[in-house]
Amino acid sequence: MELYAARAPLDAEATPDDPRRPLAEEIAAARNLPAPEGGFIVIARDAGGVIAGFARYMWEQLPGWAHVLRVEIAVLPGQRRQGLGRLLAERAADIAQQRGLRVVMGRSVDRVPSGAAFCRQLGAKPAMVGRENRLDLRRLDREVLARWIGEGPVRAPGYRLQFVAAPTPPELMGHAAEAMNVMNTAPREDLDVSDTPVTAELMRQYEDAALAAGEQPWAYFAVEESSGRFVGLSTIIARPGTPDRVWVGDTAVDPAHRGHGLGKWLKAAMTQRILDELPRVRWVITWNAGSNDAMLAINEQLGFRTAAVHTTWQLTTEALQVCLAAEVAAQ
């Protein structure tokens, strides 16, 4: 509770127009991490014992990501330029070395320029630039939506869409995992990561964690009628504490099945479902790699507009250690 209160100015700085996620939901999410995920938070206090900043250190025991330490370092506005961020970065280097993680990653947002400046100071390089795009359903072009839904079965004969609200039935979990593996074809730009094979068990772990945290995952799948394979998907997460918005998880179509308008059909069907069943939702929020031209084009045609630009930074653990040591030597 103390950290949640202390973070208020940081949240206001990064997302000034958004409601905060309720404390109860944050606690539920922290207590129900998916099995592959781990991490902890370090809190920094000033001489009077007041929270001055914090760092979250996270890792995932997943193929393609098992070598990465993801780091979030945050220093309260009035406490910056005193070396606190550097101390928290030193802890990141120590943790990465102790756990045998060779890459350290963090993210900055354009609304807070000091974050990018700090990453550069540590020698990190931008590995992916992504856009946070938002659709205001009050300004949605309903004619475009209706057209995409109507054109779906015409442009993609031999396919159908299947809606699934978690928990996913056991008989569909394997098919859903196959569709999720299509996300390995999404642009990763310069991120030092590789494919993560998604299994039915892995999907179940993440879905169970979301449900235990009070979230509601939804998915639409594109199904090839002749084989029964799930060849595309679009997913969202709804959270009861912020009923005016939902978050898009993954949207992708198997490369072998592209060119039939399945991406538009999936996005339109999910948007219509939100309108029909979640009438309090105003905002649909998604993130796209800046190089993902196809998905960006679909989102822009549907009415999504860029709300923020996020940059993922990375450097090797060794390079971080060298940079920190050089700063000490220069003092």
Please tell me the relative contact order of the chain in percent, rounded to the nearest whole number, where contacts are Cα pairs under 8 Å and at least six residues apart.
25 percent
The Kirkwood hydrodynamic radius of region 172-331, taken as the inverse of the mean 1/r over all distinct Cα pairs, in Å, comes to 17.9 Å
Mean Cα-pair separation over length for region 133-310, i.e. relative contact order, pairs under 8 Å, 6 or more apart, %:
33 percent
In the Gaussian network model of the chain, springs joining C-alpha atoms below 10 Å, which of S234, S194, S108 carries the largest mean-square fluctuation?
S194
Two-decimal ratio, region 212-252, of alpha-carbon radius of gyration to 2.2 N^0.38 Å
1.45
Using amide H atoms built in the peptide plane, which far-off residues or other-chain residues are under 5 Å from R45 H to H?
A52
Report ³J(HN,Hα) in whole Hz for each residue of region 217-229, in order, from the Karplus equation J = 6.51 cos²θ - 1.76 cosθ + 1.60 where θ = phi - 60°; Gly and Pro get x.
x, 10, 8, 10, 10, 8, 10, 7, 4, 5, 10, x, 6
Amide H neighbours of A308 under 5 Å, counting only residues 5+ apart in sequence or on other chains, H built in-plane at 1.01 Å?
E132
Rg followed by Dmax, in Å, when region 71-187 is reduced to its Cα trace
22.3, 62
Whole-Hz ³J(HN,Hα) for each residue in region 66-75, computed from phi via Karplus 6.51 cos²θ - 1.76 cosθ + 1.60 with θ = phi - 60°, x for glycine and proline: what do you get?
5, 9, 10, 9, 8, 10, 10, 10, 9, 10
dims of region 33-110, Cα set, principal axes, largest to smallest, nearest Å -> 42, 26, 23
Please compute the contact order of region 194-252 in relative form: average sequence separation of alpha-carbon pairs under 8 Å and at least six residues apart, divided by the residue count, as a percent.
24 percent
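Bear in mind these aren't lab numbers, they're just calculated from the coordinates by the rules spelled out. These numbers come from a predicted model, not from an experiment.
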